Amino acid sequence: MEIQDRVFLVTGASSGIGLATAVALAERGAKVALLARSGDALEALSRRLPGSFPVTADMTNFGQVRAAVAAVHRNYGHIDGLVNNAGRSYAAAVEEIEPEIFEEIFRLNVLGPIVAMQAVIPLMRAQGGGSIVNVNSGTAFMTIPRYSVYAASKRALLGFSLTARAELEKDRIVVSEIYPFITATNFGKNRMGKLGAGPASNYAEGDTAEFVAGLILQAIAEGQAQYFANDRLRKMAGA
């Protein structure tokens, strides 16, 4: 898909990979709808990106997600692409998992993206096609102590994404996935739960958010099923 003059909705756009993706899209001439919970941060970003449209919404609130997509469509008249980026991690041993937090993580990492996809699919079908990029994680292919909930949510997203890709091919709606490795964002600081004695990661030394944003733009332009941050992840996925 061409990026210039197209409309893209980016979730989790207030920081990290989402912010970098919004900036990269705008630099390529796209019109970007910015979605996140942080209204002030979105307004500040919107002032930097001509033609952008900030929408404050919580991806765990499905009514807000649907209303946000409708607002973006009213503002621009169409939606060409959706980047499902918003997500959060949770660290807990299996015996320590809190069911309420488990549900919250799955609402944010799995159901939120699905609801956003459900909202844009009829719009994209009516206009003859579109692009959906779901930001996944290398942990979908790993077994990491204390990260079972997060990894499970990303494995679920993988399954839904590949199925949606097959189902929507006839409608010229292309679904792709991005698999970042450790990325230099606030992801670790925003993690729920306590790391305890589990593995630690130095996020400051990871890939840049701009690097991952480049993979997202590549997925939009090329439309392949999966894009990996490095060969290690590609091999783990068997791709």
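Worth a mention:
- For L215, the accessible area of its heavy atoms, probed at 1.4 Å with every protein chain present, is near 20 square angstrom.
- Positive minus negative residues near M59 (Lys, Arg vs Asp, Glu; Cβ under 14 Å): +1
- Using alpha-carbon coordinates, inclination of helix 16-27 to the longest axis of the chain, degrees: 20 degrees
- Net charge contributed by nearby residues that have their C-beta within less than 14 Å of G214 (K/R +1, D/E -1): -3
- Residues of the chain: accessible area per residue with a 1.4 Å probe, Å²: 46 Å²
- Each Cα pair of region 20-172 feeds into the Kirkwood radius, which the Stokes-Einstein equation turns, at 10 °C and 1.306 mPa s, into a diffusion coefficient of 96 µm²/s.
- Seen from all directions on average, region 86-172 presents a Cα convex hull projection of 5.8 nm².
- Heavy-atom accessible surface of the chain: percent carbon and sulfur, 1.4 Å: 50 percent
- Cα gyration tensor shape of region 1-100, rounded if a/c is under 1.5, else prolate or oblate by comparing a/b with b/c: prolate
- Accessible surface of F53 - all protein chains present, 1.4 Å probe, nearest 10 Å²: 50 Å²
- Region 10-59: C-alpha gyration tensor shape, a/c 1.5 cut-off, then a/b vs b/c: prolate
The values are calculated or read from the model by the stated rules, or taken from the named source; none is laboratory data. From a predicted model like this one, the values you see are computed outputs, not experimental measurements. Note that we place each Cβ from the backbone using ideal geometry, even for glycine, and neighbour counts take in every protein chain shown. SASA here: full protein model, heavy atoms, side chains in, ligands and nucleic acids out. Shrake-Rupley method; radii C 1.70, N 1.55, O 1.52, S 1.80 Å.
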